[in-house]
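The structure appears below as structure tokens.
The values are calculated or read from the model by the stated rules, or taken from the named source; none is laboratory data. Not measured: the values here are computed from a predicted model. So basically every Cβ, Gly included, is an ideal-geometry build from the backbone, and we count neighbours across all protein chains shown. In case anyone asks, the SASA skips ligands and DNA or RNA and just uses the protein heavy atoms, side chains included. Shrake-Rupley method; radii C 1.70, N 1.55, O 1.52, S 1.80 Å.
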Amino acid sequence: MIDLVQHLTKAGSSVKLAAQIEALVRQGRIPPEALLPPVRAVARALKVSPGTAAAAYKALRAQGVVTTDRRRGTRVLPRPSHREFTDTPAPPGALDLQIADPDPAFLPDLKQIFATIRPRSDRYGGSHLDPDLAARMREGFEADGIAGSNLVVLSGAIAAIYRALRACCGPGDKVAVEDPGFNEHHASVRAHAMVPVPVAIDDEGMLPQALTAALRSGARAVVLCPRFQSPTGSALTKTRAIALRAVLAEHPDVAVLVDDYGSLLADTPYHDCSGKGRARFLVVRSFNKTIAPDLRVAVAAADAETCDRLRREQSLSDGWVSGYLQRAAAAALGSRSVHATLAKARKTYAARRQALLHQLGERGIAARGATGLNVWIPVAGEADVVRGLLDRGFCVRAGARYRLQSAPAIRVTTTELEPGQATRLAEALREVLGERPTGRGP
């Protein structure tokens, strides 16, 4: 427990006491995860009333500086950062497999898409929801059993999850997340001063018993990818989705936020894990990975309250997503040539991912990648493996950014990995794993 009192001076009010503690946290003099003394101990040492100390702690919780658990006490929350990890610039001649960018060869021709829409501007009034896009997306949502009566357009799936978290939870609240899971989901939780609760996954998604434990610990929301999961490629099966629905049915007030960003590229069906009639939910589908990274359009279906809160926040920040871009997204959905290109991309991405998995399997290297754009490879020491592969001409990501409690691994993006390159990469990894480890961590 941190010796908080030695850093404080007597404060005449809860506001001043909270400000002192917050300043110590911001300065780094009280580190993240530090346990603060009980309210009565602070009150006694500073000669203030217990009510003053309790009000200071309450203010700190509201500001996202600390969280309080009856069993663990009050502890300091980690401070969110703009980028928790940075990628290694690929040196000349190295193959960069760090970022899950789509292969440009399998992106639709935007010139043809934009040629089909009128270049008119939306006015300030109105719903700012293109009717053609809304109708097409609603049809897709409802075909998968998702209520589509409340839709909102945002600039991407990450933006939808980020804002939905704020709409459904508050600072200090616990949020169940996949582990390993998408790093931007973890970062979004932390950015709101919420607490990520790791839920173990396998190739079929969240493990029911792990989700049960997270919900019993007090999680107020769940964030997950139903398919095309990053970094492991897990995808919910019908059986697993049914099991998760049963778990979530015991917690009807928990918000379920589903990031189905890869819906247009997915080679597995959507399986609902939320159940009908959930009070707070959101499912978002994006055009960024499938049509163009710079086509910043995603459509979310949500309950009425969450949808209203997202629209209100959007109106006070960026206003709306360009109607011109919405019409482009709708035109893409209605284009036969776009769907033909997506079919080629779907087939090619699956073949490239499976080629690497095959080559790794031939060398006795365990790996995961049931769906998606990446392969997840467990390793003993991430830094050593990343460094060894870089020496052999391959840039890959250490798995640390995706992990909370799960075991070390590396993530390899396979969107542009040709079969011959997959063979060389697998052989290079076999060599690196055969070398004597130094024991350095991620």
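Computed values, structure above
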quantity	calculated
Residues whose placed amide H lies under 5 Å from that of LYS174, excluding near-sequence neighbours	VAL195, ARG220
Dipole magnitude (debye, nearest 20) for the chain, charges at Cβ of Lys, Arg, Asp, Glu	1400 debye
In Hz, Karplus ³J(HN,Hα) per residue of the range 161-170 (6.51, -1.76, 1.60; θ = phi - 60°; x = Gly, Pro)	5, 4, 6, 5, 4, 5, 6, 9, 9, x
Rounded percent of accessible protein surface that carbon and sulfur make up, the range 271-406, 1.4 Å probe	51 percent
Label corresponding to Rg and Dmax of the Cα atoms in Å when calculated from the structure given, among (1) 24.1, 79; (2) 22.1, 69; (3) 23.8, 74	(3)
Kirkwood-based Rg to Rh ratio, the range 275-328, C-alpha trace	1.02
Rounded tilt (10° steps) of 382-391 against the dominant C-alpha axis of the chain	40 degrees
Whichever aspartates and glutamates have a C-alpha closer than 17 Å to that of LYS344, once near sequence neighbours (fewer than 8 apart) are set aside	ASP101, ASP103, ASP109, ASP267, GLU416, GLU418
Positive-end residue of GLY73, ALA210, VAL222, charge dipole of the chain with Cβ unit charges	GLY73
Neighbour count of at most 15 Cβ within 10 Å plus DSSP loop: longest GluC sites (Glu not before Pro)-free window in the chain	251-434
³J(HN,Hα) computed for each position of the range 217-224 - Karplus, 6.51 cos²θ - 1.76 cosθ + 1.60, integer Hz, glycine/proline x	7, x, 4, 9, 8, 10, 10, 8
Cross-link partners of LYS276 among lysines (Cα-Cα below 16 Å; sequence separation of 8 or more within a chain)	LYS238
Residue-wise HN-Hα coupling along the range 114-120, computed from phi with Karplus coefficients 6.51, -1.76, 1.60 (Hz; x: Gly, Pro)	5, 5, 8, 10, 7, x, 9
Interchain or long-range residues, amide H under 5 Å from VAL379's placed H	ALA409, ILE410
Expected 222 nm ellipticity per residue - DSSP helices of 4 or more, -39500 (n - 2.57), all of the chain, to 500	-12000 deg cm²/dmol
Most mobile listed residue (VAL247, VAL153, VAL222) in the chain, GNM with C-alpha springs under 10 Å	VAL247
Sequence-distant residues sharing a close amide H with PHE394 (under 5 Å, placed H)	LEU95
Reachable lysines, given that their alpha-carbon falls under 20 Å from the alpha-carbon of LYS347 and they are not under 8 places away in the same chain	LYS289
Cα gyration tensor shape for the range 359-442, rounded if a/c is under 1.5, else prolate or oblate	oblate
